[in-house]
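The values are calculated or read from the model by the stated rules, or taken from the named source; none is laboratory data. Predicted model only: the values in this text are computed from it and were never measured. Here the Cβ positions follow ideal geometry from the backbone for every residue, glycine too, while neighbour counts run over all protein chains shown. Side chains are part of the model used for accessible areas, which takes the heavy atoms of the whole protein and leaves out ligands, DNA and RNA. Shrake-Rupley method; radii C 1.70, N 1.55, O 1.52, S 1.80 Å.
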Amino acid sequence: MDNFIFDNATKIYFGKDQIKALPSLLQIFGKNVLLVYGGGSIKRSGLYDSIHSLLHDFNVVECANVEPNPHHTTVQRGADLCKEHDVDVILAVGGGSVIDAAKVMGAGAHYDGHIWDLVMDASKIKEVVPLVTVLTLSGTGSEMNRGSVITNTDLNIKKGTGGQNSLPYASIIDPTYMMTLPAIQTAAGAIDAFSHALENYFKADNDTFMQDAISEAVMKAMIKYAPIALKEPHNYNARANLAWASTLALNGLTGVGKPGPWAVHAIEHELSAYHDVTHGLGLGILIPVWLGFILEEELMPIFVRYGVNVWGIDPKQDDSSIAYQAIDKTIEFFKSLNAPLTLGEVNIDSTHFEAMAKSAVKLGRLTQHLFPLDENDVMMILNQCL
Ligand code: NZQ
Ligand code: ZN
């Protein structure tokens with residue numbers, strides 16, 4: 001296990017009615033609040049009204065219409081609003097897109113140039129406006145990490161960023177807010193969290209028993225509870241387990257002490273950069289093909305652990321049989337969530353594959369992966385996904 005510093009101070013308010021804590025959390029920072037939200041789901045669910053009734057003592061400015069795969073122009077709009085209204089604290093209410101955008105808005109409020117600079121060079125993120133979040137879609141883990149992924153549709157670049165101060169101060173995770181999710185978003189969120197655990201699992205093989213056991217538990221939580229949530233969208237315990245597992249998947253616990261970049265996310269970001277595909281669905285298409293591509297002797301111990309510990313495959317079988325069964329079970333799982341399994345199903349053809357492969361290798365540092373990928377490898381993976 002490599003050395004690491006684990007530093008995550010986000011306060012989590014988990015469970016029903018935790019929203020009541022909102023005024024006391026916000027007033028720590030002041031009265032001027034920027035409320036950031038998406039395309040209207042919080043209005044339809046009634047959450048918008050509940051929040052406004054709790055915030056009657058605050059000056060609330062709104063930044064609405066943050067799009068899935070948030071655009072740099074929207075983030076700039078939010079940063080400008082912060083400056084214009086002397087915002088003390090940002091309240092992000094939504095899924096990963098809203099929370100990601102809000103983090104960079106808060107950094108942009110303390111930056112003189114364009115916010116895209118902060119995406120291309122995370123070291124430029126210094127001071128930020130404090131952030132409180134209310135999560136409505138579990139999956140990304142953004143509610144308890146420093147990351148943001150922002151898309152520049154002019155340049156076809158989707159890229160991650162984040163500074164030392166980018167952690168939310170507090171996040172409210174009330175599983176009842178996830179009961180209004182469309183089935184496909186529930187599936188996408190579950191695949192996303194599964195992927196975070198899986199990518200950390202396959203990132204290095206350096207005796208990180210604890211991190212890997214947490215990853216296994218995250219994946220098993222998705223396998224157990226995502227089908228229940230799809231069948232019974234109002235099942236509180238299913239929503240609660242999905243939400244908490246998703247938060248733990250990407251708050252540092254599963255990745256610390258394991259060096260190296262992620263491969264599948266880097267390739268998925270290219271899909272979203274060109275085609276605005278739902279993040280979790282893009283991952284679900286790529287994961288099985290990537291697993292098949294990297295299935296070689298060197299990584300066999302990880303495949304066997306994955307097969308036995310996550311999928312309950314009989315360890316007495318030979319290693320490669322366990323590995324192939326594990327990949328098949330992964331495909332079956334995504335299929336059972338009604339997730340697409342090919343790029344064709346999300347209307348993506350091979351037009352931009354070359355540019356995507358080039359950018360994935362560069363931005364994703366894929367040659368430094370435990371199983372290094374070059375541009376040709378990425379092209380092969382993308383072509384196999386068609
Ligand atoms: O915009 P509204 O109307 O709110 O609708 C959203 C959106 O259309 C809807 N939704 C959210 N909560 C809902 C709901 N609909 C009904 N009921 C609810 N309770 O769901 C749609 C998708 O929302 P979005 O926020 O885009 O989804 P998600 O949470 O999956 O976020 C995806 C973004 O996060 C980035 C992805 O790349 C993508 O841009 N990621 C961020 C990470 C991070 N910060 O650590 C890591 C991830 O790997 C990921 O890359
Ligand atoms: Zn993800």
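Here the helices (runs of 4 or more DSSP H) wholly within segment 176-287 that include at least 2 residues being farther than 30 Å from ASN376 by Cα and away from ligand 1 (no atom under 12 Å from the Cβ) are 209-231, 236-249. Annotation for segment 305-328: no member residue is of a type in the set (Lys, Arg) and open to solvent by less than 50 Å² (accessible area, probe 1.4 Å).
Taken together, the criteria exclude ASP328 from residues that are in the same structural domain as PHE194 (by TED's automatic domain parsing) and within 25 Å of ILE157 (Cβ to Cβ).
Annotation: of all residues in segment 322-344 being in a helix (DSSP H, G or I), touching a residue at least 24 places away in the same chain (Cβ under 8 Å) and not hydrophobic (A, V, I, L, M, F, W, C), the one that is farthest from VAL308 (Cα to Cα) is GLY344. If you go through segment 254-288 and pick out every residue that is acidic (Asp, Glu) and within 12 Å of ligand 2 (Cβ to nearest atom), you end up with 1. Among the conditions (1) touching a residue at least 40 places away in the same chain (Cβ under 8 Å); (2) surrounded by 22 or more Cβ atoms within 10 Å (Cβ to Cβ), LEU363 misses just one, which is (2). For segment 132-154, residues that are away from ligand 1 (no atom under 12 Å from the Cβ) and surrounded by fewer than 24 Cβ atoms within 10 Å (Cβ to Cβ) total 3. Against the definition (open to solvent by less than 30 Å² (accessible area, probe 1.4 Å), more than 23 Å from ALA273 (Cβ to Cβ) and in contact (Cβ under 8 Å) with a residue 60 or more places away in the chain), how does ILE191 come out, yes or no? Criteria not met by ILE191. Can you name every residue in segment 107-128 that is more than 20 Å from THR153 (Cα to Cα) and among the small types (Gly, Ala, Ser)? Those that are more than 20 Å from THR153 (Cα to Cα) and among the small types (Gly, Ala, Ser): ALA107, ALA109, SER123. Of the residues making up segment 158-186, those that are in contact with a Gly (Cβ under 7 Å, 6 or more places away or on another chain) and within 14 Å of ligand 2 (Cβ to nearest atom) number 2. Filtering ASN241, ASN251 for residues that are within 14 Å of ligand 2 (Cβ to nearest atom), open to solvent by 10 Å² or more (accessible area, probe 1.4 Å) and not hydroxyl-bearing (Ser, Thr, Tyr) leaves a single hit, ASN251.
Does any residue of segment 31-45 turn out to be over 25 Å from VAL75 (Cβ atoms), surrounded by 13 or more Cβ atoms within 10 Å (Cβ to Cβ) and either at pLDDT below 95 or not assigned by TED's automatic domain parsing to the domain that holds ARG239 (or both)? No, that holds for no residue. Looking only at residues in segment 52-66 that are within 13 Å of ligand 1 (Cβ to nearest atom) and under 22 Å from ASP88 (Cβ atoms), the one that is surrounded by the fewest Cβ atoms within 10 Å (Cβ to Cβ) is ALA64. Any residue that is in contact with a helix residue (DSSP H, G or I) (Cβ under 8 Å, 6 or more places away or on another chain), among the polar types (S, T, N, Q), at pLDDT 95 or above and assigned to a strand (DSSP E or B) - is there at least one of those in segment 154-165? Checked against the condition, which is being in contact with a helix residue (DSSP H, G or I) (Cβ under 8 Å, 6 or more places away or on another chain), among the polar types (S, T, N, Q), at pLDDT 95 or above and assigned to a strand (DSSP E or B), segment 154-165 yields at least one hit.
The conditions of being touching a residue at least 40 places away in the same chain (Cβ under 8 Å), β-branched (Val, Ile, Thr) and assigned by TED's automatic domain parsing to the domain that holds VAL289 are not met by ILE228. Of all the numbered requirements in (1) surrounded by 23 or more Cβ atoms within 10 Å (Cβ to Cβ); (2) modelled with pLDDT under 95, ILE285 misses one, and that requirement is (2). Residue count for segment 109-131 under the criterion of being within 16 Å of ligand 1 (Cβ to nearest atom) and either within 19 Å of LEU81 (Cα to Cα) or surrounded by 24 or more Cβ atoms within 10 Å (Cβ to Cβ) (or both): the result is 7. Given (1) touching a residue at least 60 places away in the same chain (Cβ under 8 Å); (2) surrounded by fewer than 24 Cβ atoms within 10 Å (Cβ to Cβ), where does ALA102 come up short, assuming only one miss? So ALA102 meets the others, but not (2).
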